[in-house]
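Since the structure comes first, as structure tokens, the remarks are kept for the end.
The values are calculated or read from the model by the stated rules, or taken from the named source; none is laboratory data. Here the structure is a predicted model, which means the values were calculated and not measured. Don't worry about glycine lacking a Cβ; one is built from the backbone with ideal geometry, like all the others, and counts go over all protein chains shown.
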Amino acid sequence: MDVLDNLAQGFELISTWQSLTAALAGLAAGIVIGALPGLTATMAVAVLAPFTFFMESVIGIPFLLGIYKGAIYGGSIPAITINTPGTAAAAATALDGSALARQGRGRLALETSLVASVIADLIATFVLIFVAAPLAAVAIKFGSPDFTMLYLFALTMIAGVSGNSFAKGAMSVGLGMLMACVGLDPVSGYQRLTFGSIDLLGGIALVPLLIGMFALSEILIQAEKHGRRKLAEIDGADQGRGLDLRTFRRLVPTILRSTGIGTFLGALPGLGAEISCWISYGVASKRSKEPEKFGKGSVEGVAAAEAGNNAVCPAALIPMMVFGIPGDTITAVLLGAFMAQGLLPGPLLFQQHGPILYGFFAILLVTNVMLLVFGLGAIRYLRHITRIPPGLLYPSVTVLCFAGAFAVNNATFDWIVMVAGGVAGYLMRKTNVPIPPLVIAMLLAPGLENNIRQSLTLSDGSYAVFVESPLAAAILILTLTVTVFFTWRSFHLTPTPQPPNPSEEARDNEKDLDTQATRHGHRRCRHGRRRRSDGRVPG
Amino acid sequence: MAEFPDKPITFVTPYPPGGSHSLHAGVITTVAEPYFGQPMISVIRKGGGGVVGAAGVMKAPADGYTLLFGDPTINSLRPQVEDLPYGTDDFKAVARINYSPAVFVARADAPFKDLKSMIAYAKSNPGKLVHSNDNKNGFTYTVFEMLKFKTGTDMKGIIYGGGGPAIAKILGGETVAYAGAPSVVGEHIKSGKLVGICTTDFEPWPSLPDVPTCKSLGTDIIFHFWRGVVVPKATPEPVVAKLSAGFEKLVQDKGFLRLIGKINSRVDFLGHKKFDALLKKEQADLKALYDSLK
């Protein structure tokens, strides 16, 4: 086969100690950078990219690809160990990962995250290798109205899945969207909500805010508890239990589903890992046998979020390589690095530089194996982070917070943003308003706004444009369905902090369990039934 | 007082990493040290489509230690038509590194194949020709405004906020025309997905020799997207001259030329005096254009 021949050549090309060392070094650097709150994968690649201009392409690009993968995985480590996502893409992982760590099952969470990441990445890489071109051809047909609806759907999911109350989730999304409005209007150039401040012209910087909301607020919460308890209350034997085969087998469907979602979203230009992890997480919670565990320490939740964000990495390379259109911010930086190597991404790339590209694909596969080995070794030590006395851990994290917030834009103003975010985050935690929807809404709102404006310009102001495209209409119906579901759920299920009792929901789940047992070969059928029962259950 | 420069120089790029500006900045700052006797530190201050970085440099001390990597959008266009915290005369020209023209392109299946038929189509279908734009008052936006103004046509521009999405939407079929830098549209012209209409330069662009200039087709549109270095206006003249001389030597560096070739770019150096004249003329021309549009 053509592809396999090319791939074999690719492996030959990168089977030099220089290429492999570069990839390994990148991977290690990426994990460390990703694990430090505030140092994002984008920054890591951006800062280190110029160094690769002087290297040969089979050394420089593997180095960057290593960083990319390492950093996306690395973000899940602090998300689990100290409830602070190292990158925005790991925000969903923090929900269940940190809950597990608190229950003394940190190792299980870390290993699940690693295994889910590696599997998702591997599958998505094969998708990249075999169907890159056809997939990108479909993705590019997405018009502005379709994107508008996709954004709307993502925001609805985030509001619905990240807390006990849909209303509070929606409130958080609303706040995030409002904050995203700050700065210069992208179309008219008007100043919005800047109050004459030059620092606000560019809007509120997302990463410093993210650091403040997640990390600093966590530190404030911990400061309250200081001296009363250790970070992980249960030490000892249980902490050591990792991911066993039985648990793993249970996770396979979740991982596969999230991989599919991540691959598809990654291939769409403009949607990155930050969105994919939430949609994967949301879908997993709806399809799970134990939805009540989500947010309170569900292994499935960790697997879904991590598979969802890691599958994006190889997939986002598809539009970048085939059309020269980056799928997310990291691939935007990689695009520059490719160009610096004389590899002009675009329709002609495969014809002109086929062998080197397959070399990169080979590197992606190799780094995956490296990540697994590397990760399993590292986890034995990483999980001890949860046992570091808070008096040592949190002051160090605070320093990292300030360093990270400044490093993003080299702006002292971002310290104010971070501290304000920390205080706001603290108040939100105290009132049970979930933080992730706010941050993700800030991230998505500009895209939503732009796509709405583009759609309305196209249609000369007619809102019909959002239902004329079959795809947009379908996503809209889906969005309305989940809105009804979330609303219904918040009226019929009062938030239960204690383990759930055999309620309506539980019985529903049992039914699901039965159907799942006889599911073999009837996936689509079951899917349809589930959807109907969701809409109809009278309560 | 010690001779300038006696400490590292900060080189501010006002755009996010990954774009052509940050690539050029990476190349310039890596080879700069021998030509200035001090390291040059690349700082990325993104936000507001370049306005945040530009405003930051404008407020910095005018001592030649803070340089802005500017372009026509943030230095000539937007300060004249938007309510920004700085004006066109808040900066002094130091050196132009290079420029690229815009290339008008159309989808291969568009109902027009060249400038003449494009204008004819736009005239008979007012407001129906939908084209991609990067940013409001940006480079590609302006050349389309020029085209509409000079040919008396009405077309519909959609603002996508960047070259990447703008090109994605023309390839996907949401729009039928676009104008972008040769490095952005060149590969798509070569692959046959897009058709080159015309170039906004005096001569055809070397890598796209088959695309004629707009001027040669009778529509006089010349527009250069330059990349150049500017400093706050109060910077002393000797310091500006010294910086300009440093950049002049830098752009002849062998390593620099090799790297600039790698990022598919080239050098069109102008020293501070010539660059200043060009800048003044450009700003006056754009003012005339926008006044006429009102």
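Brief remarks follow.
- Scanning the stretch B:181-195 for residues that are outside any loop (DSSP other than H, G, I, E, B), touching a Gly at 6+ places or on another chain (Cβ under 9 Å) and not charged (D, E, K, R) returns B:V184, B:V185, B:G186, B:H188, B:I189.
- Residue identified as of a type in the set (D, E, K, R) and modelled with pLDDT of 90 or more among B:D114, B:D83: B:D114
- Matching option when the condition is in contact (Cβ under 8 Å) with a residue 40 or more places away in the chain and farther than 26 Å from A:V369 by Cβ, among A:T93, A:T84, A:T42: A:T84
- Filtering the stretch A:457-469 to residues that are more than 10 Å from chain B (Cβ to nearest Cβ) and surrounded by fewer than 19 Cβ atoms within 10 Å (Cβ to Cβ) leaves A:S459, A:G461, A:S462, A:Y463, A:A464, A:V467, A:E468.
- A:N432 fulfils the conditions (1) within 23 Å of the chain's Cα centre (by Cα); (2) at pLDDT 85 or above; (3) part of a helix (DSSP H, G or I) except for a single criterion, (3).
- Among (1) of a type in the set (G, A, S); (2) touching a Pro at 6+ places or on another chain (Cβ under 9 Å); (3) within 14 Å of another protein chain (Cβ to nearest Cβ), the one test that A:S197 misses: (2)
- Entry remark, the stretch B:41-69: residues being among the charged types (D, E, K, R), surrounded by fewer than 20 Cβ atoms within 10 Å (Cβ to Cβ) and within 14 Å of another protein chain (Cβ to nearest Cβ) number 1 in total.
- Qualifying residues in the stretch A:405-421 (those that are surrounded by fewer than 23 Cβ atoms within 10 Å (Cβ to Cβ), touching a residue at least 40 places away in the same chain (Cβ under 8 Å) and of a type outside the set (F, W, Y)) - the one farthest from the other protein chains (Cβ to nearest Cβ): A:V419
- Qualifying residue in the stretch A:325-334 (condition: at pLDDT 80 or above, touching a helix residue (DSSP H, G or I) at 6+ places or on another chain (Cβ under 7 Å), under 23 Å from A:Y73 (Cβ atoms) and within 14 Å of chain B (Cβ to nearest Cβ)): yes
Okay, residues lined up against (1) at pLDDT 80 or above; (2) of a type in the set (V, I, T):
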position: A:P319; (1), (2): no, no
position: A:P347; (1), (2): no, no
position: A:L371; (1), (2): yes, no
position: A:R383; (1), (2): no, no
position: A:P389; (1), (2): no, no
position: A:V399; (1), (2): yes, yes
position: A:F406; (1), (2): yes, no
position: A:N410; (1), (2): no, no
position: A:W415; (1), (2): yes, no
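- Verdict on B:Q38 being part of a helix (DSSP H, G or I) and more than 11 Å from chain A (Cβ to nearest Cβ): no
- Taken over the stretch B:199-247, the residue count meeting the criterion of being buried (at least 18 other Cβ atoms within 10 Å of the Cβ), part of a loop (DSSP other than H, G, I, E, B) and either free of Cβ contacts under 8 Å to residues at least 40 places away in the same chain or more than 20 Å from the chain's Cα centre (by Cα) (or both) is 3.
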